[in-house]
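Worksheet: the structure to be examined is printed underneath.
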Amino acid sequence: MSLILEIYLAKSILLQNNCTILRKVAQLKWYRVLGAEEAAKRIPKGNLQLVKLGQQRICIAHTDSGYAAFSDICPHLGESLTGGNINFMNEVICPLHGYRFNMTNGRECQQRTQDLEIHKIELRADGLFLGVRR
């Protein structure tokens, strides 16, 4: 395969990936869940907080690296993760069976169950915003 063809194919793949990412971002609906100062007070570092958006239960974690948001329902047996803990590896630990989920990608550390649904979260000057798929 020629170098020009390889470069063309690589650019095509990159363009497709970027379009997929843009579609996913465009499908998010953003909600202001707390003011910026209120977020730091109501969700201190190392703690979890439940947020309800309609029928959705979302857990917000405050870690040393910032905020994370994910489904409050453990994919293993449906336990509320808000009752769990955060460990030193920035994993949320389910209070029922101790399954540990990476708060960035949702994977359970030993891949014993489905991935945890992850949500976008941003701390902005005017508050803490949660991005949820429509």
In the range 106-134, how many are farther than 14 Å from residue 51 by Cα, small (Gly, Ala, Ser) and in a strand (DSSP E or B)?
1
For the range 107-128, how many residues meet the condition of being crowded, with 18+ Cβ neighbours inside 10 Å and either touching an Asp or Glu at 6+ places or on another chain (Cβ under 8 Å) or hydroxyl-bearing (Ser, Thr, Tyr) (or both)?
3
Which numbered condition residue 85 misses (of (1) of a type outside the set (D, E, K, R); (2) loosely packed, with under 15 Cβ neighbours inside 10 Å; (3) more than 22 Å from residue 125 (Cα to Cα)):
(2)
Given the conditions (1) under 25 Å from residue 127 (Cβ atoms); (2) modelled with pLDDT under 95, which single one is not true for residue 67?
(2)
Which number in (1) under 20 Å from residue 32 (Cα atoms); (2) out of contact with any His (no Cβ under 9 Å at 6 or more places or on another chain) marks the one condition that residue 89 misses?
(1)
Report yes if some residue within the range 32-42 is part of a helix (DSSP H, G or I) and crowded, with 16+ Cβ neighbours inside 10 Å; otherwise report no.
yes
Lone qualifier among 127, 106, 78, 98 - being more than 13 Å from the chain's Cα centre (by Cα) and closer than 22 Å to residue 33 by Cα:
127
If we keep only residues of the range 88-105 that are part of a loop (DSSP other than H, G, I, E, B) and of a type in the set (S, T, N, Q), then the residue surrounded by the fewest Cβ atoms within 10 Å (Cβ to Cβ) is 105
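The values are calculated or read from the model by the stated rules, or taken from the named source; none is laboratory data. Fair warning: this is a prediction, and the values are worked out from it, not measured in the lab. In this analysis, Cβ positions are derived from the backbone assuming ideal geometry, glycine residues included, and neighbour counts consider all displayed protein chains.
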